[in-house]
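All remarks here apply to the structure that follows.
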Amino acid sequence: MNALNELPSSKSWSFPPRPWTHHVRWIEPDSNKPEYVFVAIEAGALVQSRDGGKTWIDRDEKQGPYDTHTLATHCKAPKRLYSAAGDGYFESFEYGKSWTRPMEGLRHDYLFGIAVDSGDPDVVIISASDGPSTSYSSQNAETFVYRKDSECKDWKVVTDGLPESEGSTIMCFAANQRASGEFYAANNHGLFESNDSGKSWKRLDTPWPKEYLQQTPWALAINGN
């Protein structure tokens, strides 16, 4: 898509491990308007299209996430965007025209995975660490899961049923769109399920080859049929 690469901000896109490169890290179709698509460039921009990718709207230079790893939208919260980024947590309530950065309670500001309860757009879970060096390699990993909701707007660490932070690569998540309060998560230790909106977890009895203990899952999807 030439129109994407011709955006003015493209001249500053840069992937830190290889500064001369960049790539699309995440594609998020809007839950409410099928023709709306949001694309996270790693690193340098969160851009959007409102016509299915024919034309593109560039990032806001003054605000918003720079390094979105995962973006979410919600069918019960039109125009709302949730960004888990390398530069923290961001939310917009008007399709990115303005952003907030509610970080209260977060002791780690490098974020990767995100999921929103399908039944409640105020219940959000994220995975976090101190940085990339403690996120993706099991030998050095120390990662955490946080949660917030409408009753407790500050982020709280979740540990019930999850593996120890040390040695755990950073989690990716998925929310079951057909079951309110149901989340799934994956990291090098296996697959995990929550049925209480991310407050507690259990490991699924899924075969997990020993070589997976040294690897990092990048995304998780649910077949809702």
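Values in this text are rule-based calculations from the coordinates and carry no lab data. What you see is a predicted model; the values in this text were computed from it and never measured. Neighbour counts are summed over all protein chains in view; Cβ atoms, including those assigned to glycine, are modelled from backbone coordinates with ideal geometry.
For this structure, a couple of remarks:
- Among 105, 198, 131, residue whose mean-square fluctuation peaks in a GNM of the chain (springs only between Cα atoms under 10 Å): 105
- Percent of C-alpha pairs per 5 Å bin in the chain, short distances first: 1, 7, 14, 19, 20, 16, 12, 7, 2, 0.
- Normalised by 2.2 N^0.38 Å, with N the number of residues, the alpha-carbon radius of gyration of region 62-138 equals 1.08.
- Relative contact order (%) - criterion: Cα under 8 Å, at least six apart; region: region 76-160: 22 percent
- Here the sum of -39500 (n - 2.57) over DSSP H runs of 4 or more residues, divided by the residues of the chain, equals -500 deg cm²/dmol at 222 nm, to the nearest 500.
- Dimensions of region 145-198 from C-alpha coordinates, computed as largest minus smallest value along each principal axis and given longest first, are 31, 27, 15 Å.
- Region 102-225 - convex hull of alpha carbons, volume per residue in Å³: 94 Å³
- Springs join every pair of Cα atoms under 10 Å in this Gaussian network model of the chain, and among 73, 143, 206 the largest mean-square fluctuation is at 206.
- Mean separation of Cα contacts under 8 Å (6+ apart) over length of the chain, as relative contact order %: 11 percent
- For the chain, built as a Gaussian network whose Cα springs stay under 10 Å, the top-fluctuating residue of 19, 78, 132: 19
- Ascending count of other beta-carbon atoms within 10 Å, so fewest first, for 172, 75: 75, 172
- Each of 214, 57, 198 was placed along the dipole of the chain (beta-carbon charges, centred on the mean Cα), and the one lying farthest toward the positive end is 57.
- Descending principal axes extents, region 107-168, alpha-carbon based, whole Å: 36, 22, 20
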